[in-house]
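A short write-up of the structure that comes next.
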Amino acid sequence: MKHLLPISLWQKSGLNPGVLIAMVKGGLPPAIALSLIQLDSFAANFTTVSYLVAIMSILSSAMLPRAKFLQTMAFNIIGVCIGACIALLTSYCSVSARIHTTAVSMNAAGAPTPGNTPSVTYNSSASAVSAIWLFFNIAIFNAFRFKRPQLQVPVIMYSIFANVSGTTAPLLPTMAVSIAFVKQLLEAFLSGFAIATVVNIFVFPVSSRLVIFKEFMGYIGALQGVIDAQKGFLQSMESKEMMHFQARDKGKYVSKTEQAAKALKGSLAGLTALHGRLHGDLTFAKREFAFGKLSADDISDIFDLFRRIFVPLLGLGSVVDIFERVAESRGWGDVNASIDEDSENPEIVQRKEVLEAEQSEWNEIMKTMHAPVESMSDAMNEGLLHASYALELTRKPKDMNVQQDAEMEETIVDLETRGKVRKPGDAKFGEYLGEKVRYFKEQRKESLIKWCELKGVDFPEDGEEPLERTRSKLQRSEDLTGNDRTRRQLYLILYLGFLLWSTACAVLDLVKYADAKVESGHMKRKKMQVPGKKRLRKWLVSCLSIEDTTVDHLPEQSEGGGLSIALGQSFLKRKDPEHLPPTNSWQRFGDGVRNFLRFFASPELLFGFRVACATMCIAIVAFLENTQRFFVQQRLVWAMIMVAIGMTMTTGSGAFGLLARVVGTLLAAVCSIAIWYIAGGDGDTAAVIVLAFVFISCQTYCLVTFPKFTIAVMLMMVTELEVRKLGVVLATSNGEPYYPLYLLAPYRLATVAAGCLVAWIWSYIPYPITAKSVLRRRLGESIYLLANFYSVLHVTIKSRLEGTGGDPEDKNNPEKRLDKVRAKILAKQMGILAQLRQHSAFTEFEPTLGGKFPKAIYDSIIQEVQNIMNYMSLMSYATMKFNANPHTEEEHQWVQDFARVMSSVNITSNQITSLLTLISSSVISSTPLPPYLLAPPQLELNNKLRALDPEILSVKHIIEPGYAAFAVSQVASKLISDDLEMLLKNVKLLVGEVDFSFHIISTENSSSETLGKISKID
């Protein structure tokens, strides 16, 4: 297929072996079900409920990875079995009501189906009892669907079972008939599950481990893309056009620097989204039984090594943000824009000269970094490629014959040079990369020497001249930080060099890990990988608890952002101000009663109530005497099925969601007619089944490639099968009138569209839970995670300065436990930020009553939360060098002195944690912020450190990793302070601020002139 499409079209389509396999596995189950229906024994057993076999085979999502599929399938089976029990109970109550109110006609010996009309008279008592059972049945179980995201598909299956059995119960005259019908229905569901299970396990089996390995490959590619984009951005800073940061989106010339910055931001956004996805998929990969080379612990270790590369790369990506802030603060764009307008103004000309001098400085500094950055970037990309070869994530290409490659021969000058060059995959590539990293560390000094030359400072090779003596030669001016611009410029140079070196070291660690696995023999043979008892126990506990996981290909995925995020008990649990903790059994019993009653006022039950009401709006037709036959004849149960599938927890995409579902069913009807007439117009069975497989496989491509259209695609598949089934079996004995296909398809389309419309209407009644309100609450939860992360960061930095991290060899030492918590919170935040951006995008499709939705403010807050999280992660990474127990003797003395001085200064503060917690609570509850709330100022440590030890920041130490780490932490601290201030300002615009101002208003003039204001809040 790849050779049949142009290369550009192939790349844009996203078609790859994984997608093609998913397409086949998506189309095969319904094709098998349609084939089985042609068997006389199969059709005789299921009669007119055979269409449910095909529907269940689709909704089971056979294309899911094995571990995720089997967990969902286990819940599906349990849910349907419970549904069968409840259906029998409903039928018993209905039959009992009929027996006690009327005589039963015994002419109905067969088992009626949803399309059959048995010879029983209408009984209002039986209908009322069935309606009550159906309402509460749907309400209670859909409340669990809201509470536990992993139960969404099982509850949808359960709801379909309850809808079919509940609307048929009033037509069942005896319990024998009821049992036969429920058994038939249960077998239809389980048959569909069986078909999907066989396809998932035996047809192109895809394990969760395979998925995670493919994502590891994608992650390595994303890392390489970010490294290349970062290299391009830094090299663009050598150009004189680097000043044009403010000319974007105004129809003016866009510099190469801006183009490189945009490319870097796009690469980082893709890497961030993939990082959050990996965190969710990792859970299933570690729980899976498999036959492979890497264990669950190995997968965790690889992800941890990826995270160590990810954090400094985020810091490097923030260089774009830093320079944009510098450009805005220094007025680079404004001056450039005004040069052409008023080139004779002496102030503008003088300002231009100053900016050109600044530009020239940065150009010269960046030119000194050109060769080291390019060399190190290429080495890191090769290191990542080598790790993918060693871990067998990527197939190693066959060795080329160097003697036959003329171009290669020209590049090799002599044997000595050839011996020093290593390629990815070579046995000693790790040593080669280590040499490149050490060489880069030495090259970092060149940019510092160039900076000293530009500032008129002699770089002291003997390291004796203190920085304080050189400050008289430096011109002091205001910059981004509002302090010494020259010192900040030095810190930014150290920032770039340190993060590049740190990223290279992290890549080297990954290469060493991969080589160690090869040398130890892990990659030579496969063995059975069995999860441990602890991991299995955690899996059993997590099945019914909230956990972080992806929810791909589920109906709610399009509005949930693709991830289910658990925030932890500290967020969910609240103290009761009206009750003290229970101290005896009676009080604990009373707490249990209150918790049970609280469930009736919960948002979970409200969602269940919405689904039940939407269902009953259609089901009521089946329970009234004058319309019961109409319900059966027109199969309005299909509209109820669409409610079960299409009803979401929020209005989500609003009008977009309704439009997508209706368009999906319309396309399904068109496809059904096309299949029928392409097959000859007479419904040739073999042709119809083959064409149905092809069409549904193509629809599965949409499901996999465009997951936000999940509901629309599922409705398209289901509708297509239903029209096909009724088109092939032209039976009138079940009470349905005959329609030709060109009339039948529109009628079924109208039924399905009506169900979608009812579901959409009830998402707004009694009051809408829109994507806007969900966006606000989720934004508050994201800020809560930010407070949680900073709290852990506060303890981590304090532990590093005090040297209380514990033994590095101990896996359970405090340092590693804190690192694990930080990594978990970071992954949660990456996932929830992706959700926030998706909810923000959906707000454009929702109707707004009243004032305009402040989408720009929300988008700004989301970006500020993203920035603060990145900078906090960077501080956590940089302060690793603050450890009082360095690993090298070279750093020993200075690092110990630095840790001693830093430990006497309180460099962290709980004020940020308190501020973020207050902001989170205000956003979630929509309450105004307290008055006079200010963001904590940045803690300037330079003067405090020099007061304690004048030599601690001398020039002789600027090459020390610890000194550069201090510079990184200072830059990150300033950026956090700026973003906190903007975050607080934007949140005040959203929720307001408590205002205790007192105004004295003049009553003499009609203009109500204000004579004075006291305690006025800005």
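Below are the figures for this structure:
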| quantity | calculated |
| --- | --- |
| Calculated FRET value between Leu934 and Ser520, using beta carbons and R₀ = 45 Å, to 0.05 | 0.20 |
| 3J(HN,Hα) from dihedral phi, segment 148-154, Karplus parametrisation 6.51/-1.76/1.60, rounded to Hz, x for glycine, proline | 10, x, 5, 9, 5, 5, x |
| Violating pairs (Cα-Cα greater than 26 angstrom) within the set Lys262/Lys820; Lys538/Lys820; Lys527/Lys820; Lys147/Lys855; Lys445/Lys820; Lys512/Lys824 | Lys262/Lys820; Lys527/Lys820; Lys147/Lys855; Lys445/Lys820 |
| Cβ-defined net charge surrounding Thr796, 12 Å radius [Lys, Arg +1; Asp, Glu -1] | +3 |
| Protection proxy ranking of 514-520, 19-25 - average other beta-carbon atoms within 10 Å, highest first | 19-25, 514-520 |
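Throughout, read-outs are computed from the coordinates displayed, never taken from laboratory work. From a predicted model like this one, the values you see are computed outputs, not experimental measurements. Note that each Cβ is placed from the backbone with ideal geometry, even for glycine, and that neighbours are counted across all protein chains shown.
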